[in-house]
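These notes concern the structure reproduced below.
The values are calculated or read from the model by the stated rules, or taken from the named source; none is laboratory data. Being a predicted model, the structure only gives us computed values, none of them experimental. For neighbour counting, all protein chains shown are included, and Cβ atoms are generated from backbone atoms with ideal geometry for every residue, glycine included. With ligands, DNA and RNA removed, areas are computed over all heavy atoms of the protein, side chains included. Shrake-Rupley method; radii C 1.70, N 1.55, O 1.52, S 1.80 Å.
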Amino acid sequence: MKKYVPTIGIECHVQLCTKTKLFSEVDNDARGKEPNSCVSPVDYALPGMLPRLNGEAIRLAIRAGRAMNCEINAHSRFDRKHYFYPDSPKGYQITQFYEPIIGAGYVELPSGTKVRIEHAHLEGDAGKLTHFDTYSLVDLNRVDTPLIEIVSCPDIHSAKDAHDYCKELWRLMCFAGVTYGDLYNGNMRFDINTSLAPEGSKKLGTRTEVKNLNSFRSVERAVEYEIKRQTKVLEAGEKVKQETRGWNDATGETTGQRSKEEAKDYRYMPEPDLPPINLSAEFIETESAKLPLMPTDYRKMFKGVIPNDTLEVLLDYPLLMEKLGQLEQGPSGDGSLAPVVTGLAPSSSVVTSGSPRKTLLLIANLFTSVLLAEEKSAEYLNNLPSTKDLAELAEMNGKKELSSTATKEVFLRLFDPQMKGRGAKNIAKELGLIQENDLGALEKIVDAVLAKPETAKAQADFKAGQEKVLGFLVGQVMKESHGKANPSSAQEILRKKLA
Ligand code: MN
């Protein structure tokens, strides 16, 4: 049996988080607003209305392009793409067909695989139709929300890589701060083109397109389904039909919608109402410089410091990565944390005084196991403690002043608005969670416990070889110290004394 190699190319529409729309001055953020309440005469395409380009969309497009290692084209312009549908009052979409603003680049997946970007262009979104039994309603709030459409090269060869590419794109756009990244509300939508070719063949097979997927999981499932379906078609000696297919999330299947014969002629023509965009090298440079650290930078920074699986979870949260990045630099104005990994140097050059690696690892673990498990985590994410507080917490933990349970408790209190600014140490003191580490003092407590007649039997039992009574004795020390003794130190001293 012939083996087939799948080839996948992906187009992704990203809604940009500008304050106003691409060609008018109405609110671009229609979340929670009435249908058709964020619409200007320009969006309604009333006669005589003229579009005016939103400069902020240009700035965000530059940043988005740089996030994907793309060239930014100094010269670009808009075209009209004609189609007739109730979601578009103008009767055409304003897009960039011939000269897009973003040129070639690439996205590197967590696995190291690179997917080339063919180009990305700016365009306005369409409105939204909601279909009922006998009628449909149109909401024009989304008309001319700025979009960038990112077109990949056909460099993807598995459903998993298709999933990873979409997820990485989402991260890049969120880290770059160009979109709200709300997939559920369609802030990013993926169109997948899948084809199969016999192994070794230089020619690509006939492709199908599945449009408007809005989750990484549905991208992966739809690609898996298309690979299986097309394999069956080819093995039966038939030809794959070039067509657009719809995805049904409930059944996990794609179904034929529109074949190539019915493909539209969009009659592209230059948009006469908007001047071309000409960007100076200086402007491009200034905007590019605003790009913060990207997931790939953080992967290099924390290699060997934070385990991969923990890091990949955290990379879904730009704010957490930013905080870890700041911790890596050391808390500002505070000397408690020694300079950590310098720049992007390999982890072997880590300065170990103050155990910054331990600090980063501890905070990364608290972020994944405590913060993200919290019911209020979404709220907490926008109210992160200062690096100084986190470093102080890690320091107390490192010095065994706080048990792991106490560390978690103080960590959560750092998010409490009423505790804000009080400092990890003060909070720990107020809650009486600081462990007694003064070995001299602890020894005195142990002596007092051992002098008590009620511990005599346990002491004798331990000396007779009964290990488990040690737990009882440690418990007595904890009680005597009002919970402040460090249990492992107490155990150590008890062993020494009973030896
Ligand atoms: Mn498009």
Distance violations [Cα-Cα > 26 Å] among LYS2/LYS167; LYS160/LYS264; LYS211/LYS303; LYS167/LYS323: LYS2/LYS167; LYS160/LYS264; LYS211/LYS303
Extension gain, ASP27 back to LEU439 (0.36 nm per residue minus Cα-Cα distance, nm): 141.9 nm
Rel. contact order, % - alpha carbon contacts under 8 angstrom, at least six apart, the chain: 13 percent
Peptide ranges 234-241, 419-426, 91-98, 388-395 listed from the most packed, as the mean C-beta count within 10 angstrom indicates: 388-395, 91-98, 419-426, 234-241
Rg(Cα) / (2.2 N^0.38 Å) computed for the stretch 4-286, rounded to two decimals: 1.02
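How charged is the neighbourhood of TYR85? Take every other residue with its Cβ under 12 Å from the Cβ of TYR85, and add Lys/Arg as +1 and Asp/Glu as -1.
Values: positive: LYS81, LYS90, LYS128, LYS264; negative: ASP87.
Within the 12 Å Cβ shell, the charges total +3.
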Accessible surface, the stretch 439-498, averaged per residue in Å² (probe 1.4 Å): 57 Å²
Residue pairs, from the table LYS399/LYS484; LYS33/LYS90; LYS358/LYS429; LYS21/LYS128; LYS429/LYS452, whose Cα atoms sit over 21 Å apart: LYS33/LYS90; LYS358/LYS429; LYS429/LYS452
Rg(Cα) / (2.2 N^0.38 Å) computed for the chain, rounded to two decimals: 1.29
Carbon + sulfur, % of accessible area of the chain - ligands and nucleic acids excluded, 1.4 Å: 51 percent
Kirkwood-type radius of the stretch 439-498, with distances r between different C-alpha atoms, in Å: 11.1 Å
Cα gyration tensor, the stretch 132-215 - rounded (a/c under 1.5), prolate or oblate: oblate
Accessible surface, per residue, of the stretch 63-219 when the full set of protein chains is kept, probe 1.4 Å, Å²: 42 Å²
Under 17 Å from the PHE283 label point (7 Å along Cα→beta-carbon), backbone N, the stretch 176-195: none
Potential extension, LYS400-ASP461 segment - 0.36 nm per residue separation minus Cα distance: 19.0 nm
